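The values are calculated or read from the model by the stated rules, or taken from the named source; none is laboratory data. This one's a predicted model, so the numbers in the text were calculated from it and none came from an experiment. Here Cβ is always computed from backbone atoms with ideal geometry, including for glycine, and neighbour counts include all displayed protein chains.
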Amino acid sequence: MIDVDPDADGRADVLITYGPLPDNESDDPAIQQQNDRFLSATPCADEAAFTDSTGAVAGELSANHRGVAEADFNADGAPDLAVGTFGGAPLILLGRPGGGTRLTVRLDDPTAANRFGIGARVTLTAGERSWSKELGAGGRGSQLGGAPVLRFAFGEVEAVDRVEVRWPAGTVQDFAPSCLDCQVLLSR
């Protein structure tokens, strides 16, 4: 499972990869028919709500998929996904640029043993809203990996007021981003 915001509306969508298990001996139809799903976040006042958008995003995801890695394979600023497949080539889902504003954060501390800040929490603030993500190692799922970057999307927000990095060792730093729709390299 991975949260990603391909339309950059500021609400994270979810891709769930859990197709039927190979050689599964269960007679339970719910286990045999575990189709992958892409759930799009929908605006809701006080809680998260999702709509199944699988067909619109990736057609029928009917193979045995396991694990997802996020990257920007074609360097267009939109997040792309590589989905691992049992017994076959990975499925590549290319994001579409446009929509809202995006920001990619790449941490770098060349003097530290943990150079890329694995475990750091980055919080972006724009007015009363905030977005927060933690930088994990690798991808999500079996035999997948991803670049050590965090991708944020903001919908109609045009400027971020503050970038806070809480490094794994506990140090907290504030940065004023110089632009959106660009990559920001934050160094200590």
Subject >> Verdict on Asp109 being acidic (Asp, Glu), modelled with pLDDT of 75 or more and more than 24 Å from Gly155 (Cα to Cα) >> reply: yes
**OP:** Can you work out which of the residues in the stretch 152-168 that are of a type outside the set (Lys, Arg) and free of Cβ contacts under 8 Å to residues at least 40 places away in the same chain is farthest from Thr111 (Cα to Cα)?
**Re:** Ala159
Original post:
Which condition does Thr123 not pass, out of (1) in a loop (DSSP other than H, G, I, E, B); (2) in contact with an Asp or Glu (Cβ under 6 Å, 6 or more places away or on another chain), if it passes all the others?
Top reply: (1)
Original post:
Within the stretch 114-130, can you find the residues that are more than 15 Å from Gln173 (Cα to Cα) and touching a residue at least 40 places away in the same chain (Cβ under 8 Å)?
Top reply: Asn114, Ile118, Arg129
Subject >> Filter result for the condition that a residue is in contact with a strand residue (DSSP E or B) (Cβ under 6 Å, 6 or more places away or on another chain), touching a residue at least 60 places away in the same chain (Cβ under 8 Å) and more than 26 Å from Glu164 (Cα to Cα), over Leu81, Leu91, Leu107 >> reply: Leu81
Original post:
Does any residue of the stretch 84-91 turn out to be touching a Phe, Trp or Tyr at 6+ places or on another chain (Cβ under 7 Å) and not β-branched (Val, Ile, Thr)?
Top reply: no
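Kindly indicate the residue of the stretch 68-93 that is charged (D, E, K, R) and not in a loop (DSSP other than H, G, I, E, B) and also surrounded by the fewest Cβ atoms within 10 Å (Cβ to Cβ) among those meeting that condition. Steps first, please.
In the first step, residues of the stretch 68-93 are kept if they are charged (D, E, K, R); the result is 70, 72, 76, 80.
When the remaining residues are screened for being not in a loop (DSSP other than H, G, I, E, B), the result is 70, 80.
Values: Glu70: 23, Asp80: 19.
The qualifying residue surrounded by the fewest Cβ atoms within 10 Å (Cβ to Cβ) is Asp80.
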Original post:
In the stretch 157-188, which residues are modelled with pLDDT under 80 and charged (D, E, K, R)?
Top reply: Glu158, Asp181, Arg188
Original post:
Would you pick out the residues in the stretch 1-31 that are at pLDDT below 70 and under 21 Å from Glu134 (Cβ atoms)?
Top reply: Met1
**OP:** Among the candidates Arg106, Arg121, Arg96, Arg102, single out the residue that is closer than 30 Å to Tyr18 by Cα, buried (at least 19 other Cβ atoms within 10 Å of the Cβ) and charged (D, E, K, R).
**Re:** Arg102
Subject >> Which numbered condition Ser62 fails, given (1) assigned to a loop (DSSP other than H, G, I, E, B); (2) modelled with pLDDT of 80 or more >> reply: (2)
